[in-house]
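Working notes for the structure below.
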Amino acid sequence: MTLTFRNARLIDPETGEERRGDLHVAEGRIVDAAPEGAEVIDCRGKCLAPGIVDLGVKVSEPGERHKESFASAGRAAARGGVTTMVTRPDTSPAIDTPEVLEFVARRAEADSKVRTAHMAALTKGRDGREMTEFGFLMDAGAVAFTDCDRVVEDTRVLSRALTYAKGLGALVVGHVQEPGLSRGAAATSGKFASLYGLPAVSPMAERMGLDRDISLLEMTGARYHVDQITSARALPALERAKRNGLDITAGIGIHHLTLNELDVSGYRTFFKLKPPLRAEDDRQAAVEAVASGLIDVICSMHTPQDEESKRLPFEEAASGAVGLETLLPAAMQLVHSGSLTLPQLWRALSLTPARRLGLDAGRLSAGAPADLVLFDPDAPFVLDRSTLASKSKNTPFDGARMQGRVLGTWVGGARVYAREAA
């Protein structure tokens, strides 16, 4: 593929710049000069940025293909400007052996429109008792190890896993919640949860879980990424850990950056997430932490749930929301409010997750893969969940007024999505 993107507003997270110019592609990679005979794409002043690297996508193969398949997730990702999905191992069965990992890798290669990288389970069956064979799983392509939202309660097991990961240079992804306090919680403790009679958990459960894991990092020296930091009380501990030289990064889901606990009013189960939505002060603190770089990564935390799992009383309903298609327009709220610049946003959406996982992505420099998203940051629309490409439609943004439309997505220079003219 030889392409020239002309008259583009280039968003470069590597240099932290936003500039007008052209971008050239040859043989699937970005090049310095326009290749002969290149197809010219007039961007008409719209934004061209590296494709999003979404760290923590659940694709429900194997076991729950009716919720999401690699084909449907790939379509949703392409429509959302996501060019690399980093998938979670919380499937049925869990991705805890090389055989299961090789199966999902083949399925992804055959069915997905976008690139996929796969995380494997930290412990067998995600049961927190016996660690998986990290070396064999890395040979099969695992880019990180995680038990997802299941906290490894046995500290000895986790310390051994971190020590083993350190020896192999493997990245461990953890969910920091004190399990005893957070078990069964459906909301964040406070006046709102009490008014609605919902079982709640204090934000301190997140701080306590983070404190434990930081202590283990000091002991083992492992590479560690926190999947979601959502409370203000956890941020000072994260800042100290970084200042002390620990190899730790942190992420946050887009829903915790754009919604708060009051959105649960009316017991709307599409707003039931894990961890639960926080107070507005926590949301604002998290946005500031992303702007400063203290929180490194923004992801969709794409968690498809079918109607039967969500159409239940709030306490009983499954947690999670889809986010592959809504990640970009939801994140644009942070830009339109003046909280983040576009290069800051793309640093967290693309460059940092790619670097943390050792993926060749997230850049606009010469030699980088031509994984690109063209979008109109100002295009307004009202989201209709029935139009989403995901098999599951459990989005809290149904009916929301949003700004930011993906116009086209390219993977390795090949166009995988083109928005039809209205």
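The values are calculated or read from the model by the stated rules, or taken from the named source; none is laboratory data. Just so it is clear, the structure is predicted and the values come from calculations on it, not from any experiment. For neighbour counting, all protein chains shown are included, and Cβ atoms are generated from backbone atoms with ideal geometry for every residue, glycine included. Side chains included, ligands, DNA and RNA excluded: accessible areas come from the protein's heavy atoms. Shrake-Rupley method; radii C 1.70, N 1.55, O 1.52, S 1.80 Å.
Net charge around L171, counting only other residues with Cβ within less than 15 Å of its Cβ (Lys, Arg = +1; Asp, Glu = -1)? The answer is 0.
Per 0.36 nm of contour for each residue apart, how much would the distance between R415 and K124 grow if the chain were fully extended, relative to their Cα-Cα spacing?
100.9 nm
Enumerate the residues in the range 244-266 having an amide nitrogen under 20 Å from the point lying 7 Å beyond the Cα of D281 toward its Cβ. Of the residues in the range 244-266, 256-264 have backbone N under 20 Å from the label point off D281. Comparing Cα centroids, the range 79-131 and the range 359-419 end up 22 angstrom apart.
T97: net charge of surrounding residues, Cβ under 11 Å, Lys/Arg +1, Asp/Glu -1, itself excluded? Show your work: numbers first, answer last.
Numbers: positive: K124; negative: D96, E99, E102, E133.
Once all neighbours under 11 Å are counted, the net charge is -3.
Per-residue ellipticity at 222 nm computed for the chain from its helices equals -8000 deg cm²/dmol, with DSSP H segments shorter than 4 residues left out and the rest contributing -39,500 (n - 2.57). With each label modelled as a point 7 angstrom along the Cα→C-beta vector, the E102-F136 pair spans 1.1 nm.
Here the gap between S365 and E239, fully extended at 0.36 nm per residue and compared with their Cα-Cα distance, gives a gain of 42.3 nm.
Among the DSSP helices (H) of the chain, those spanning at least 15 angstrom by Cα along their long axis with an average Kyte-Doolittle hydropathy of -0.5 or more are 98-111, 155-168, 204-220; this is a geometric and hydropathy rule only. Here the range 200-249 is assigned +1 on the Cβ of each Lys and Arg and -1 on the Cβ of each Asp and Glu. Its dipole about the Cα centre then comes out at about 120 debye.
Just tell me which lysines come within less than 29 Å, Cα to Cα, of K46; anything on the same chain fewer than 8 places away is out. Reachable lysines: K113, K393. Protein heavy-atom accessible surface, 1.4 Å probe, per residue over the range 64-155: 39 Å². Computed on the range 171-316, the Cα convex hull volume stands at 103 Å³ per residue. The trypsin sites (Lys or Arg not before Pro) of the range 1-84 meeting both criteria, a DSSP state outside H, G, I, E and B (loop) and at most 14 other C-beta atoms within 10 angstrom of the site's C-beta, are R44.
Roughly to the nearest percent, how much of the accessible area of the chain is carbon and sulfur, given a 1.4 Å probe?
Of the solvent-accessible surface of the chain, carbon and sulfur hold 47 percent.
Length gained on full extension, R19 to A33: 3.3 nm, using 0.36 nm per residue less the C-alpha separation.
Counting other Cβ atoms within 10 Å, keep those with at most 16, restrict to DSSP loop, and tell me which chymotrypsin sites (Phe, Trp or Tyr not before Pro) in the range 266-344 are left. Mind showing how you got there, number by number?
Values: sites: Y267, F270, F271, F314; in loops: Y267, F314.
Here the chymotrypsin sites (Phe, Trp or Tyr not before Pro) that fit, given the DSSP loop and packing criteria, are Y267.
An ellipsoid equivalent to the range 126-244, defined through the eigenvalues of its Cα gyration tensor, has semi-axes of 29, 16, 11 Å when rounded to whole angstrom and sorted largest first.
For the range 270-310, the Cβ-based charge dipole about the Cα centre amounts to some 60 debye (Lys, Arg positive; Asp, Glu negative; other atoms uncharged). For the chain, the convex hull drawn through the C-alpha positions has a volume of 128 cubic angstrom per residue.
Longest stretch of the chain clear of exposed loop sites (GluC sites (Glu not before Pro), DSSP loop, at most 13 other Cβ atoms within 10 Å, sites excluded): 154-315.
Please find the FRET efficiency linking S337 to S194, where r is the Cβ-Cβ separation and R0 is fixed at 45 Å, and quote it to the nearest 0.05. Don't skip to the end; give the middle numbers.
Working: r = 30 Å, r/R0 = 0.66.
For R0 = 45 Å, the calculated efficiency reads 0.90.
Within the shell of other residues whose beta carbon sits under 13 angstrom from the beta carbon of R106, the net charge comes to -4, with Lys and Arg scored +1 and Asp and Glu -1.
Quick check for me: using +1 on Lys/Arg Cβ and -1 on Asp/Glu Cβ, what's the dipole size of the chain about its Cα centre, in debye to the nearest 20? Before the final figure, lay out the partial values.
Working: 51 positive and 56 negative charges, 83 e Å.
That gives a dipole near 400 debye.
Against the empirical 2.2 N^0.38 Å (N residues), the range 251-407 has a Cα radius of gyration ratio of 1.06. Contact order for the range 204-249, expressed relative to its length and based on alpha carbon pairs under 8 Å spaced 6+ residues apart, stands at 50 percent. Just to confirm the filter: which trypsin sites (Lys or Arg not before Pro) across the range 222-285 are DSSP coil and have at most 14 other Cβ within 10 angstrom of their Cβ? Counting only loop positions with at most 14 other Cβ atoms within 10 Å, the trypsin sites (Lys or Arg not before Pro) in the range 222-285 are R268.
Just for the chain, what percent of DSSP beta bridges are antiparallel, to the closest 5?
Details: 30 of 63 bridges.
Close to 50 percent.
Taking all protein chains into account, the per residue accessible area for the range 333-422 stands at 39 Å² (1.4 Å probe). Measuring nothing but how far apart in sequence close Cα pairs (under 8 Å, 6+ apart) lie, relative to its length, the chain scores a relative contact order of 20 percent.
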